[in-house]
Amino acid sequence: IMSNTFGCQLGEDFRAIAPMSGLGPSAFGGAQCVGQVAAWISHGNMDNVVQFSSGEGSRDHWVEANHCDTTTDPPDENGCVAYQGCDDGFPVVWCEFDGGHTVPMFASAEIWEFFSQF
């Protein structure tokens, strides 16, 4: 939730975020977001703390904010998909995984790779 909030309200100061199992910016009463950030997002499809649909809302917010298409590249080995057509330098990656409110095993490597492109 904090990553989404920083990305939204401090988008002019942050380059990229990696929210995991959190509510998106639209969940906070439509906070006014500033700037853009690249986003790597994961959410477990069996999360019993933060609803999976909240993670999808986070994804949908950043896809729209970064002007991405609704089409994605084929899933990588961890099931993560990159959205096509995003504004240059503002990619969005979505990682749905089988699990609950936890950090997926692959997160560290995927996030490092994502952040390293900047």
Residue among Q117, Q84 that alone is under 15 Å from the mean Cα position of the chain (by Cα) and of a type outside the set (A, V, I, L, M, F, W, C): Q84
Verdict on A18 being among the aliphatic types (A, V, I, L, M), open to solvent by less than 70 Å² (accessible area, probe 1.4 Å) and at pLDDT below 95: no
Count of residues meeting criterion [open to solvent by less than 70 Å² (accessible area, probe 1.4 Å) and either closer than 14 Å to G11 by Cβ or in contact with a Leu (Cβ under 7 Å, 6 or more places away or on another chain) (or both)] in the stretch 60-72: 4
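Looking at this structure, is F118 farther than 20 Å from G7 by Cα and aromatic (F, W, Y)?
Criteria not met by F118.
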Residue count, the stretch 92-110 (criterion: open to solvent by less than 30 Å² (accessible area, probe 1.4 Å) and of a type in the set (D, E)): 1
Contacts under 9 angstrom Cβ, first residue in the stretch 32-50 being at positive phi and part of a loop (DSSP other than H, G, I, E, B), partner open to solvent by 10 Å² or more (accessible area, probe 1.4 Å) and of a type outside the set (S, T, N, Q), 6 or more apart: G35/L10; G35/E12; G35/D13; G35/F14
Residue that is farther than 18 Å from I1 by Cα, outside any loop (DSSP other than H, G, I, E, B) and either in contact (Cβ under 8 Å) with a residue 24 or more places away in the chain or open to solvent by 70 Å² or more (accessible area, probe 1.4 Å) (or both), where the choices are E77, E113: E113
Flag for M20 being among the aliphatic types (A, V, I, L, M) and farther than 19 Å from N4 by Cα: no
Among the residues listed as G11, G89, G7, the single one being outside any loop (DSSP other than H, G, I, E, B), under 15 Å from the mean Cα position of the chain (by Cα) and either surrounded by 21 or more Cβ atoms within 10 Å (Cβ to Cβ) or touching a residue at least 24 places away in the same chain (Cβ under 8 Å) (or both): G7
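Per-residue answers, yes or no, for (1) touching a Cys at 6+ places or on another chain (Cβ under 7 Å); (2) surrounded by 15 or more Cβ atoms within 10 Å (Cβ to Cβ); (3) under 22 Å from E113 (Cα atoms):
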site	(1), (2), (3)
G24	no, yes, no
V34	no, no, no
G55	no, yes, yes
S58	no, yes, yes
Residue check, G100 touching a residue at least 12 places away in the same chain (Cβ under 8 Å) and at positive phi: no
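The values are calculated or read from the model by the stated rules, or taken from the named source; none is laboratory data. This structure is a prediction, so every number in the text was calculated from the model and none was measured. Reconstructed Cβ throughout: ideal geometry from the backbone, glycine too, with neighbour counts over all protein chains shown. In case anyone asks, the SASA skips ligands and DNA or RNA and just uses the protein heavy atoms, side chains included. Shrake-Rupley method; radii C 1.70, N 1.55, O 1.52, S 1.80 Å.
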